Amino acid sequence: MSMPTPELHVVTGAFGFTGRYIARKLLAEGKRVRTLLSHPNRPDPFDGQVEAMPLNFDDPGALAQSLRGAAVLYMTYWIRFPFGGAHFEKVVENIQALLRAAKEAEVRRILYISVSNPSLESPLPYFRGKALAEQAVIHSELSYAIIRPTLIFGREDILINNIAWLLRRFPVFAIPSSGDYRVQPVFVEDVAEISVRAAEQREDIIVDAVGPEVYTFAEFVRLIAQEVGSRTRLVHVPPALAL
């Protein structure tokens, strides 16, 4: 008797940070995983267990074909800051194209990784862009779950590792403004677990993904400094001058 074919789940950016942990969780649960990559030459952390295809927004037909047969599309695609020809408005347009392709391919459910406190009124393009992307998901006519994580940390994360690198190498570290704004870091494996469980549900939902501990940003930097054995002096500067 032949075994049933495992359900296909597609993860954008599964060779990156958050997408990698989502893909790992899905593989552990026996799912077939495909990833769509903006940079197809990135090292494969899964030794071929994950099928890799290009994330080509300029070819709607190929994009839809890459999603054909998928039960869930996990959308982690985003940029941290504008560079080259990439900017937040263009990323939102690309997300809209991906949603159109998912609808054409009859993907059952969308799981979108957003950010905590997105707002269309935000003066920060990152958060305003995330809010626009959420609206695109909500109005896509597809079943969806939106995950709003706070600061995601883990072995391969960029922000915390960059802070640690600066604390190890420089005599001072710039804290934007007072540093008393709060962060509530969440472990990347917890974000992956929340995402996979939310994808299993049927109703349209928005989920806040937060960790159990709350710090001020200054406290958080001091904690990192303590962990890496740094005696770097923390100085408060206007936000525009901070690293």
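The values are calculated or read from the model by the stated rules, or taken from the named source; none is laboratory data. A quick note: this is a predicted structure, and the numbers were derived from the prediction, not measured. Cβ: placed from backbone, ideal geometry, glycine included. Neighbour counts: every protein chain shown.
Just to verify a result, which residue in the stretch 141-178, among those that are of a type in the set (G, A, S) and surrounded by fewer than 19 Cβ atoms within 10 Å (Cβ to Cβ), is modelled with the highest pLDDT?
Residue satisfying both the conditions and the ranking: S143.
Give just the number: which of (1) crowded, with 19+ Cβ neighbours inside 10 Å; (2) closer than 16 Å to L73 by Cβ; (3) in contact with a helix residue (DSSP H, G or I) (Cβ under 7 Å, 6 or more places away or on another chain) does E134 not satisfy?
(3)
Quick one: in the stretch 179-208, which of the residues that are touching a Gly at 6+ places or on another chain (Cβ under 6 Å) and not β-branched (V, I, T) is surrounded by the most Cβ atoms within 10 Å (Cβ to Cβ)?
Here the residue is P185.
Restricting to the stretch 38-62, give me the number of residues that are of a type outside the set (V, I, T) and either under 20 Å from A199 (Cβ atoms) or in contact with a His (Cβ under 9 Å, 6 or more places away or on another chain) (or both).
5
Can you spot a residue in the stretch 142-154 that is part of a strand (DSSP E or B), closer than 30 Å to R231 by Cβ and in contact with a His (Cβ under 7 Å, 6 or more places away or on another chain)?
Checked against the condition, which is being part of a strand (DSSP E or B), closer than 30 Å to R231 by Cβ and in contact with a His (Cβ under 7 Å, 6 or more places away or on another chain), the stretch 142-154 yields no hits at all.
Listed residues L159, L151, L120, L124; which is of a type in the set (A, V, I, L, M, F, W, C), without any contact (Cβ under 8 Å) to a residue 24 or more places away in the chain and under 15 Å from V221 (Cβ atoms)?
So the residue among L159, L151, L120, L124 that is of a type in the set (A, V, I, L, M, F, W, C), without any contact (Cβ under 8 Å) to a residue 24 or more places away in the chain and under 15 Å from V221 (Cβ atoms) is L159.
S66 versus (1) over 19 Å from A105 (Cβ atoms); (2) over 16 Å from the mean Cα position of the chain (by Cα); (3) among the hydroxyl-bearing types (S, T, Y): which is the lone unmet condition?
(1)
Answer yes if at least one residue in the stretch 158-171 is assigned to a loop (DSSP other than H, G, I, E, B) and among the small types (G, A, S), and no otherwise. Reasoning before the result, please.
So the first thing to find is which residues in the stretch 158-171 are assigned to a loop (DSSP other than H, G, I, E, B), and the list is 158, 170-171.
If we keep only those that are among the small types (G, A, S) as well, we get none.
No, the stretch 158-171 contains no residue that is assigned to a loop (DSSP other than H, G, I, E, B) and among the small types (G, A, S).
In the stretch 211-231, which residue that is part of a loop (DSSP other than H, G, I, E, B) and surrounded by fewer than 17 Cβ atoms within 10 Å (Cβ to Cβ) is farthest from the chain's Cα centre (by Cα)? Give the derivation first.
If we filter the stretch 211-231 for residues that are part of a loop (DSSP other than H, G, I, E, B), which is where we start, we get 211-214, 229-231.
With the extra rule that they be surrounded by fewer than 17 Cβ atoms within 10 Å (Cβ to Cβ), the set shrinks to 212-214, 229, 231.
Numbers: P212: 20, E213: 21, V214: 21, G229: 29, R231: 32 Å.
Selected residue: R231.
Before we move on, is I194 assigned to a helix (DSSP H, G or I), in contact with a strand residue (DSSP E or B) (Cβ under 9 Å, 6 or more places away or on another chain) and within 16 Å of S114 (Cα to Cα)?
Taking the combined requirement at face value, the residue satisfies it.
Output the qualifying pairs, or none if there are none: Cβ atoms under 8 angstrom, residues six or more apart or on different chains, first residue in the stretch 179-197 and touching a residue at least 60 places away in the same chain (Cβ under 8 Å) and under 15 Å from F153 (Cα atoms), second residue in a helix (DSSP H, G or I) and hydroxyl-bearing (S, T, Y).
Once the first residue is touching a residue at least 60 places away in the same chain (Cβ under 8 Å) and under 15 Å from F153 (Cα atoms) and sits in the stretch 179-197, its partners that are in a helix (DSSP H, G or I) and hydroxyl-bearing (S, T, Y) give V188/T18; V188/Y21; E189/Y21; V191/T18; V191/Y21; A192/T18; A192/Y21.
Can you list the strands (runs of 3 or more DSSP E) lying wholly within the stretch 1-115 that have 3 or more residues being surrounded by fewer than 22 Cβ atoms within 10 Å (Cβ to Cβ) and not basic (K, R)?
51-54
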